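For reference, the structure is listed below as structure tokens.
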Amino acid sequence: MSVYLHTIALALPETAYPQSVIRDVIKAQPELDRLAKRLTGAAFNASGIDQRYSVVKEFADTDGGAGLFYDPANTRMLNPTTGQRNIVYAQEATKLYVDAARKALADSRFGAADITHVITVSCTGFLRRDRTTPSCGRWGWAATWAATTWASWAATRPFPP
């Protein structure tokens, strides 16, 4: 059986930060010693990343109160539980899946019932890849639907060589 990739669609979170903003937030954490701050700066500066997209809007909100991930009033990163992070991921990732699916279907010659496989790429490490994923049921994909989530192994290399 031959396999063909018919369309690619991209969906990114609305919020984007310059790499330097996130680097500086992390380096400002008081629990980091001099070595950790130096290594953080070196890693961020050498990454080749100019801008980071994120569903976390708190780093740009300098007037607001503490959010789940960051408190701008005292410039402290917070420590939400994995469960709390998963809730945010499930809500926000679903919006992005739906956006990408709409774009992909609009750019293809196929209908939703023709879709048999979906590939999603995420650098988060959080995975939602079953038929109960809300965006999947919305599209009426074929019964043989399957998904593969490929957690990006490096933000600077979206696809392996």
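We did not get these values from a lab; they are worked out from the coordinates using the rules stated. As the structure is a prediction and not an experimental result, all values here were calculated from the model. Virtual Cβ from ideal backbone geometry, glycine too; neighbours counted across all protein chains shown.
Numbers at a glance
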quantity	calculated
Virtual paramagnetic centre 7 Å along Cα→Cβ of Gln51, amide N under 14 Å, in the range 1-45	11-21
Derived scalar couplings ³J(HN,Hα) [the range 5-13; Karplus, 6.51 cos²θ - 1.76 cosθ + 1.60; whole Hz; x for Gly, Pro]	9, 9, 7, 10, 10, 10, 9, 10, x
Debye intensity ratio I(q)/I(0), log10, the range 13-79, q values 0.18, 0.21 Å⁻¹ (C-alpha model)	-0.70, -0.92
For Val121, Val25, Val3, order by how many other beta-carbon atoms lie within 10 Å, fewest first	Val3, Val121, Val25
Residue among Ala16, Leu32, Gly67 farthest towards the positive dipole end of the range 13-79, charges placed on Cβ	Leu32
Spatially proximal lysines relative to Lys27 (Cα-Cα < 23 Å; intrachain offsets below 8 disregarded)	Lys37, Lys57
Sorted by Cβ density within 10 Å, fewest first, the residues Ser54, Ser20, Ser2	Ser2, Ser20, Ser54
Computed E for Thr81/Met1 - FRET, C-beta separation, R0 45 angstrom, nearest 0.05	0.55
Chain lengthening between Ala90 and Val121 when straightened (0.36 nm per residue, less Cα-Cα)	9.7 nm
Net charge dipole size for the range 13-79 [Lys, Arg +1 and Asp, Glu -1 on Cβ; Debye, nearest 20]	340 debye
